[in-house]
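Right, one structure below, let's go through it.
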Amino acid sequence: MLAVNGIYRFSSPRVFRWMTCHYSSSKLFVGGLSYDTNEPVLKDIFGHYGEIIEVKVICDHKSGKSKGYGFVHYISEDSASKALEEMDDQVLDGRNIRIQYANKK
């Protein structure tokens, strides 16, 4: 990986794939959500563990209803790790939620 004028360029697609797989532990998968749980609720609850880049609840594109899972992307891996430890198997809106790293292989 080379930095030119603050822009990172990858020397090969293989390096890019390795970086994508190994440096994605700041994004969490949140499963088992109530169909009533929305993005502001997730942001409020998970915001206690650190600064969040993005919160996304996955919805059916036709009905607009939640599919029961979503993602929380933190700025730091430490924040994601704390949230995973504290929130996994906790009750949110009457459902036990499951937390995992989103892209960890």
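Derivation of every value follows stated rules applied to the coordinates shown; laboratory data play no part. All values derive from a computational prediction rather than experimental measurement. Ideal geometry is used to build each Cβ from the backbone, glycine not excepted, and the neighbour counts take in all protein chains shown.
Assorted remarks:
- Taken about its Cα centre, region 25-101 carries a charge dipole of roughly 400 debye when the Cβ of each Lys and Arg holds +1 and the Cβ of each Asp and Glu holds -1.
- Per-residue HN-Hα couplings for region 39-53 [Karplus 6.51, -1.76, 1.60; θ = phi - 60°; Hz; x = Gly/Pro]: 4, x, 5, 4, 4, 5, 5, 7, x, 5, 9, x, 6, 9, 7
- Ratio of the Cα radius of gyration of region 49-105 to 2.2 N^0.38 Å, where N counts its residues: 1.21
- Ranked by the mean number of other Cβ atoms within 10 Å per residue, highest first, peptides 58-66, 71-79 order as 71-79, 58-66.
- As a length-normalised measure over Cα pairs under 8 Å and 6 or more apart, the relative contact order of region 25-101 settles at 44 percent.
- Residue order, fewest to most beta carbons within 10 Å, for Val30, Val57: Val57, Val30
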